[in-house]
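The numbers here are math on the coordinates, done by the rules we state, and not lab data. Note that the coordinates shown come from a computational prediction; the quantities given were computed from them, not determined experimentally. Positions of Cβ are backbone-derived with ideal geometry, glycine not excepted, and every protein chain shown enters the neighbour counts.
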Amino acid sequence: MRAAVLTGLGQVEVQDRPEPEVRPDWVIVDVEAMSVCGTDVHQLEGRIETPFPRVPGHDFAGRVAEVGEGVDPSLVGTPVAVKPSLPCMDCPVCAEKNFDECPKKKLMGLWSDGCMTERVAVPAINLVPRPEDVPAWQACLLEPLAVGLNTIDRLNIRLGDTVLVLGQGPIGLCMARLAALSGAGKLIVTDARDEVFEISRAWGATHTINVREQDLVETVSELTDGLLADVVIETSGYPDSAGAVLDVLRKKGKLAMVGFAKDLPPLPIIPMLMKTLTLYAVGGNGGFGQYERALELLHTGRVQLDKLVTHRFALEDVAEALDTGLHRKDGAIKIILSPTGEF
Ligand SMILES: [Zn+2]
Ligand SMILES: [Zn+2]
């Protein structure tokens, strides 16, 4: 079968690879659609260390092709989305079925070969069956929505709260949509490019701030009559944005830190004490009910992810797909691929 393989820094090629083998409690999934995530492009450029050669990718959807011993055979043919982190199944935490908290949990595409191929083996517990009318190209975009749910769940947004979302990448956009659904009053979003605000507004943002052109703290202060935001969600991972969170959060406000990069500034403890704030540090998608509920939001049409998809490629053109993501070419937001290029 054909597979995208990262062979070294900045190098990706499509190779013939052996078919995956089914084992007890695992299944083989025919991949129908996959999306490019920040992790994949960071692996390519070296911001995330990867043991080469490696098949990248972890955000995908498809159909069960084959089941191993111990798995219900009627699953064959079922359309599915797939949770991307593989629990070890062998530690005390996994024995308690708290798979999400497994300390040895590993991300597909990084620690083991991933989904940018035609068929892939995954544990049956990672499957999230999807209705036929949620197409694979939408279900391969569940991760940012699951990260959004894992964050918004904790924040208990009250109807009418002023919510500020810093960064409008796929995760920031999903966060804005979910904050709007949760009853945000003023919903202010920031980014360094204007194009993306069209989606932000369609998804419920009431105010947009281009941080290249407007002063963040001044503008938030003006928009809130000096009260600042009840809830601040930092998704950009940029040092300037992460360094400003306390200046835009009202006293006793709630702060969620989600964006991730190696060069983030340390959080200043004393100013945090003075704010008497509540901090939620959110590392990932939860993987425990969030995928299922994200799918429900798609199925009911409360969230429509089509606006996120700016580029579509066939697996054979993976080099161009990753390059488009890496350099955010042509207003790239989400890039999806399929084995044939059809969706
Ligand atoms: Zn991802
Ligand atoms: Zn474990």
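For segment 144-281, the relative contact order comes to 22 percent (Cα pairs under 8 Å, sequence separation of at least 6). Taking a ≥ b ≥ c as the square roots of the eigenvalues of the Cα gyration tensor, an a/c ratio below 1.5 marks segment 144-281 as rounded. Across segment 63-76, rounded Karplus estimates of 3J(HN,Hα) from the backbone phi angles (6.51 cos²θ - 1.76 cosθ + 1.60, θ = phi - 60°) give 9, 5, 9, 7, 10, x, 4, x, 10, 4, x, 6, 5, 4 Hz, Gly and Pro being marked x. In this rough spin-label picture, where each label sits 7 Å from Cα along the Cβ direction, the residue 213-residue 7 distance is 4.5 nm. Just check segment 9-158 against the gyration tensor rule for me: Cα atoms, a ≥ b ≥ c as the square roots of the eigenvalues, rounded for a/c under 1.5, and otherwise prolate or oblate depending on whether a/b exceeds b/c. Here segment 9-158 falls in the rounded category.
Among 299, 311, a tally of other beta-carbon atoms within 10 Å of each Cβ gives an order, fewest to most, of 299, 311. Among 89, 274, 257, the largest mean-square fluctuation in a Gaussian network model of the chain (Cα springs under 10 Å) belongs to 274. Between residue 292 and residue 107, the FRET efficiency estimated from the beta carbon spacing at R0 = 30 angstrom works out to 0.95. Spatial offset of segment 136-161 relative to segment 20-52 amounts to 22 Å, using the alpha carbon center of each. Exposure proxy shown here: for 94, 88, the number of other Cβ atoms within 10 Å sets the order, fewest to most, as 88, 94.
When a/c is below 1.5 the answer is rounded, else prolate if a/b is larger than b/c, else oblate, so apply that to segment 273-332 with a ≥ b ≥ c taken from the square roots of the Cα gyration tensor eigenvalues. Oblate is the answer for segment 273-332, as a/c is 1.5 or above yet b/c matches or exceeds a/b. Once the chain from residue 195 to residue 327 is taken as fully extended at 0.36 nm per residue, the excess over their C-alpha distance is 45.9 nm. Most mobile of 167, 284, 46 per a Gaussian network model of the chain (Cα springs, under 10 Å)? It is 46. Would you mind telling me which residue in 173, 277, 255 has the biggest mean-square fluctuation in a Gaussian network model of the chain, where springs connect alpha carbons within a distance under 10 angstrom? Of the options given, 277 has the highest mean-square fluctuation. Shown is the FRET efficiency for residue 25 and residue 278, computed with R0 = 45 Å from the Cβ-Cβ distance and rounded to the nearest 0.05: 0.70. Multiplying the residue separation of residue 47 and residue 261 by 0.36 nm and removing their Cα-Cα distance gives an extension gain of 76.1 nm.
For the pair segment 205-240 / segment 60-116, the C-alpha centres are spaced 39 Å from each other. Beyond 21 Å in Cα-Cα separation lie the following of the pairs 83/262; 83/254; 186/252; 83/334; 186/254; 307/329: 83/262; 83/254.
This ranking places 317, 16, 191, 215 by how few other beta-carbon atoms lie within 10 Å of each, fewest first, which gives 16, 215, 317, 191. The Rg/Rh ratio for the chain is 0.98, where Rg is the radius of gyration of the alpha carbons and Rh is the Kirkwood radius.
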